[in-house]
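Participant: Take a look at this one; I'll ask things after.
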């Protein structure tokens, strides 16, 4: 089984692709609720390490790949002290102290998910869970050109579903059904699409790594 995992309002949306290339989904409120199953590779859209001394080279390299118009889709992971701060003001101050820049509110909002993922991988060392980024995946499948459309808008949804359909014609219908049976208060359509592209790339034979000198499973690597 290959997994693509994306954080969402209610927890995590998990796209699963089996050996027959059948796509299915699972919604869990916590990563601890992931069922025991044979997993060949799981890609998660969440930092799995901290920026303890400087911004992570993998994220800087990922931003460079996506170019100036799309680089902002890759958040720079906060310093550990910022992630574990008690409030945004403290997090902003600690990030500026250690990394030289303040912390965006968007980055602060995902800090609970960063902490959850860090705790999870510390206890589930048996799970082949690797950091990835959906926009890099779409970039690769779009002939190494970033998708400039915004993923939360209809045009962005259409662009991403077109690339997904090129990988498996039946997947957009499975995605549409999952959108119907899930609640928007828990998971947004773009969360489902992001999880899907991660699962697709997890199952691919031509998976890529940034920085290019890293290998799958290396610390400080992002897959796409």
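Since every read-out is calculated from the coordinates, none of them should be taken as a lab result. On a predicted model such as this, the values are computed, not experimentally measured, just so you know. Note: ideal-geometry Cβ built from the backbone for every residue, glycine included; neighbour counts use all protein chains shown.
Participant: Quick one: order 27, 138 by neighbouring beta-carbon count within 10 Å, fewest to most.
Facilitator: Lowest count first: 27, 138.
Participant: Which peptide among 190-203, 164-177 comes first, and what is the full order, when sorted by highest mean count of other Cβ atoms within 10 Å?
Facilitator: Highest-to-lowest ranking by the protection proxy: 190-203, 164-177.
Participant: Under 10 Å, Cα contacts only: if you run a Gaussian network model on the chain, which one of 77, 22, 86 comes out with the highest mean-square fluctuation?
Facilitator: Highest fluctuation of the listed residues: 86.
Participant: As a footprinting exposure proxy, order 151, 21, 69 by other Cβ within 10 Å, with the fewest listed first.
Facilitator: 69, 21, 151
Participant: Give or take rounding to whole Å, what are the principal axis extents of the alpha carbon atoms in the range 127-191, in descending order?
Facilitator: Principal extents (largest minus smallest coordinate, Cα): 34, 33, 23 Å.
Participant: What's the FRET efficiency of residue 158 with residue 212 using the Cβ-Cβ distance as r and R₀ = 30 Å, to the nearest 0.05? Each step should come with its number before you reach the end.
Facilitator: Numbers: r = 31 Å, r/R0 = 1.04.
FRET efficiency, residue 158 to residue 212: 0.45.
Participant: Could you work out, for the range 160-224, what percent of all Cα-Cα pairs fall into each 10 Å distance bin, beginning at 0 Å and stopping at the bin that holds the largest distance?
Facilitator: Calculated over all Cα pairs of the range 160-224, the distribution is 19, 41, 27, 12, 0 percent.
Participant: So how tilted is helix 189-202 from the main axis of the chain? Cα-based, degrees 0 to 90, rounded to 10.
Facilitator: That helix lies at roughly 80 degrees to the long axis.
Participant: Further question: Please find, in a Gaussian network model of the chain (springs between Cα atoms separated by less than 10 Å), the residue of 57, 146, 154 whose mean-square fluctuation is greatest.
Facilitator: 154
Participant: Right, here's the next one. From the C-alpha gyration tensor of the range 41-162, pull out the three semi-axes of the equivalent ellipsoid (sqrt of 5λ each), sorted largest to smallest, in whole Å. Numbers along the way, then the final one.
Facilitator: Numbers: eigenvalues 136, 68, 35 Å².
Gyration-tensor ellipsoid for the range 41-162: 26, 18, 13 Å.
Participant: Then there's this: Quick check on the chain: what does the Kirkwood estimate of hydrodynamic radius come out to from the alpha carbon pairs, in Å?
Facilitator: For the chain, the Kirkwood estimate is 17.7 Å.
Participant: Can you tell which of 53, 79, 133 shows the greatest fluctuation in a Gaussian network model of the chain with Cα springs below 10 Å?
Facilitator: 53
Participant: So how tilted is helix 154-167 from the main axis of the chain? Cα-based, degrees 0 to 90, rounded to 10.
Facilitator: For 154-167 against the chain, the angle is about 60 degrees.
Participant: Taking the Cα atoms only, what angle lies between the long axis of helix 88-99 and the longest principal axis of the chain, rounded to 10 degrees?
Facilitator: On a 0 to 90 degree scale, this one is about 80.
Participant: Summing -39500 (n - 2.57) over the DSSP H runs of n ≥ 4 in the chain and dividing by its residue number, what mean residue ellipticity at 222 nm do you reach, to the nearest 500 deg cm²/dmol?
Facilitator: -12000 deg cm²/dmol
Participant: With both bridge residues required to lie in the chain, what share of the DSSP beta bridges run antiparallel, to the nearest 5%?
Facilitator: Counting DSSP beta bridges with both partners in the chain, the antiparallel share is about 65 percent.
Participant: Hey, another quick one. Given Cα pairs under 8 Å that are at least 6 residues apart, what percent is the relative contact order of the chain?
Facilitator: 29
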